[in-house]
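*Asks:* What follows is a structure written as structure tokens; I'll ask about it next.
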């Protein structure tokens, strides 16, 4: 049984991320925790300034509760797996603190987040928080762009510079992902033009080959002054459905996922990223 945490701001993007999660884990027994985080702390131990303020706060709580119930109802309707269970969560902490708390308490295996979206409550963009969660919460995060639609996981790309030996948690999570969808792994080396591997990089590549020797995998490299274009060409050529990257490679994540520099790059519209933590 896996435990999956999905923050929601009740936007269309959040609901799309939930739909993606239900299909992504369609054949897996899962406890789905649907979490809404309010923007401000509501402290009922203090006297409200007036009846109007108290009434407004109560309406906000009631509205959130109703929206969470509706979200759970939709999830139950969309799910085709009887081994899927859904639980609503509401926190008045900031987003990172709330997610950290739930990851610890619920023993969360994956966090699933949409990258953009306009809230029905506060009109904010959830995507603006994604980088904070990636860097400050030590849990695998599946990041789902707002236009992503699940159509199976044909191939998984793992971006690496071969500059470190990946620890067991990274390898285990990546291996679990490959097993879930019976997908081949395409290890993609990002390198500068006209440069070869050092002895250390060659060793680290060898370790990856050893770790995944029982699974279908292959090694590739992209050598392009426009990293985004190189990744897009690779994704199209190899029918990549999911890109995995280690959280410490924040430069990759920022350039490829959160703030692509080239408007001509389209993969961010539909390519989910799996961010791994050591």
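The values are calculated or read from the model by the stated rules, or taken from the named source; none is laboratory data. As the structure is a prediction and not an experimental result, all values here were calculated from the model. Heads up, the Cβs are rebuilt from the backbone with ideal geometry, glycines too, and the neighbour counts pull from every protein chain shown.
*Asks:* Tell me which strands (runs of 3 or more DSSP E) are completely within segment 107-223 and hold 1 or more residues being surrounded by fewer than 17 Cβ atoms within 10 Å (Cβ to Cβ) and modelled with pLDDT of 85 or more, or say none if there are none. I'd like the intermediate steps shown before the answer.
*Replies:* Numbers: elements: 110-114, 141-144, 155-160, 185-190, 217-222.
Result: 217-222.
*Asks:* Got a number for residues in segment 231-243 being surrounded by 13 or more Cβ atoms within 10 Å (Cβ to Cβ) and either under 22 Å from the mean Cα position of the chain (by Cα) or not in a helix (DSSP H, G or I) (or both)?
*Replies:* Taking segment 231-243 first, the residues surrounded by 13 or more Cβ atoms within 10 Å (Cβ to Cβ) are 231-235, 238, 240-243.
Those still in the list that are either under 22 Å from the mean Cα position of the chain (by Cα) or not in a helix (DSSP H, G or I) (or both) too: 231-232, 234-235, 238, 240-243.
Looking only at that region, the number is 9.
*Asks:* Now a separate question. Identify the single condition in (1) at pLDDT 95 or above; (2) within 23 Å of the chain's Cα centre (by Cα) that residue 246 does not satisfy, given that it satisfies every other one.
*Replies:* (1)
Residues are listed down the side, and each one gets a yes or a no for (1) touching a helix residue (DSSP H, G or I) at 6+ places or on another chain (Cβ under 8 Å); (2) outside any helix (DSSP H, G or I); (3) under 22 Å from residue 149 (Cα atoms); (4) at pLDDT below 90:
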residue	(1), (2), (3), (4)
49	no, yes, no, yes
55	no, no, no, yes
63	no, no, no, yes
66	no, no, no, no
69	no, no, no, no
88	yes, yes, no, no
96	yes, no, no, no
